[in-house]
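Participant: My questions will all concern the structure given below.
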Amino acid sequence: MVSPSLIAAEFTCLERVVQQVSGADWLHLDVMDAHFVPNLTFGPLGVRAVRKLTRQPLDVHLMMTHPHHYLRAFQEAGADWLTVHVESQAPFPRVLEEIRTLGMRSGIALNPETPVERVLPLLPYVDLVLVMSVHPGFSGQSFIPEVLQKVREFRAYRESHHTQFLISIDGGINQDTASLAVRAGVDVLVAGSYVFQDAQPAERVRALQQLFSLNP
């Protein structure tokens, strides 16, 4: 699946942006609190605005120190998938269970320097693992290829434990890095600048989607 990251889009024409990527599988929304990361984006109101424009699943990524205080707010705003960082101060695994109780799919994200072992105890409580391939907080960074080993480890764990969580990757995704990620075993490509800095975002989305059929 391909989940265009709206942080790289032009928010002053949000309706047009959403229409341009209507063929995408999901839409990715980065929520930053200016504490967990230095940048500040939007909160539930931003998610609600996107929800009004599309029926596509909303893949909401909370880069927040205290995401557990806002779970219901994002659920009411229309989030379908809600991902929190293992490096946050959320009470795990309770927060992941609460996300599911609220009717959303739960995700856990880990930064490039965070080892896989820190996430393993939480895998029974998640529907998605988000591997950050850049340092969170800003779009347009270069892909960190070393994180592909984490993708391989999560895929091996999933196969050996017969679990069903999806593996997503976010940061520095373009045609070349996406191909590497798909071959490593990801299920979801989050792409921002690569999609929205092109005059034809829909074509970029289709190009990324085709990688999954080329690398089954």
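Values in this text are rule-based calculations from the coordinates and carry no lab data. Just so you know, these numbers come straight off a predicted model, no measurement behind them. Glycine also receives a Cβ, built like all others from the backbone with ideal geometry; neighbour counts cover every protein chain displayed.
Participant: Tell me the trypsin sites (Lys or Arg not before Pro) within region 8-55 that lie in a loop according to DSSP and have at most 14 other beta-carbon atoms within 10 Å.
Facilitator: Lys52, Arg55
Participant: Next question. Cut-off is 10 Å between beta-carbons; in what order do Thr163, Thr65 appear when sorted fewest neighbours first?
Facilitator: Ranked by crowding around the Cβ, least crowded first: Thr163, Thr65.
Participant: Skipping prolines and chain starts, which residues have an amide H placed within reach, meaning under 5 Å, of the one on Leu166, given they are 5 or more residues away or on another chain?
Facilitator: Amide H to amide H, under 5 Å and 5 or more residues apart or across chains, Leu166 pairs with Leu128, Val129.
Participant: Hey, got the dipole for region 2-214? About the Cα centre, +1 on K and R Cβ, -1 on D and E Cβ, debye to the nearest 20?
Facilitator: I would put it at about 360 debye.
Participant: Then there's this: Tell me what the chain gives for mean residue ellipticity at 222 nm when only DSSP H runs of n ≥ 4 count, each as -39,500 (n - 2.57), the sum divided by the residue total, rounded to 500 deg cm²/dmol.
Facilitator: Helix contribution divided over all residues of the chain: -9500 deg cm²/dmol.
Participant: Once amide H atoms are placed 1.01 Å from N in the peptide plane, what residues at a sequence separation of 5 or more from Ile173, or on another chain, have their amide H within under 5 Å of its amide H?
Facilitator: Here Gly192 satisfy the definition.
Participant: DSSP beta bridges in the chain, what fraction antiparallel, as a percent rounded to 5? Numbers along the way, then the final one.
Facilitator: Working: 1 of 32 bridges.
In the chain, approximately 5 percent of DSSP beta bridges are antiparallel ones.
Participant: Can you give the extra length, in nm with one decimal, that the chain gains between Lys52 and Glu15 once fully stretched, where that is 0.36 nm per residue apart less the Cα-Cα distance?
Facilitator: On the way: separation 37, 0.36 × 37 = 13.32 nm, distance 0.94 nm.
The Lys52-Glu15 span can extend by a further 12.4 nm.
Participant: Here's something else I'd like to know. Within 10 Å of each residue's Cβ, count the other Cβ atoms and sort Ser133, Ser88, Ser3, Ser193 from fewest upward.
Facilitator: Ser193, Ser88, Ser133, Ser3
Participant: If you average the sequence gap of Cα pairs under 8 Å that are 6 or more apart and divide by the length of the chain, what percent do you get for the contact order? Each step should come with its number before you reach the end.
Facilitator: Values: 431 pairs, mean separation 45.2, N = 216.
Once normalised by length, the contact order is 21 percent.
Participant: Right, next: Taking 7 Å along the Cα-to-C-beta vector as the label spot, tell me the Asn39-Ala202 distance in nanometres, rounded to one decimal.
Facilitator: Distance between label points: 2.7 nm.
Participant: On to the next question. Taking other Cβ within 10 Å of each residue's Cβ, how do Leu45, Leu53 sort, fewest first?
Facilitator: Leu45, Leu53
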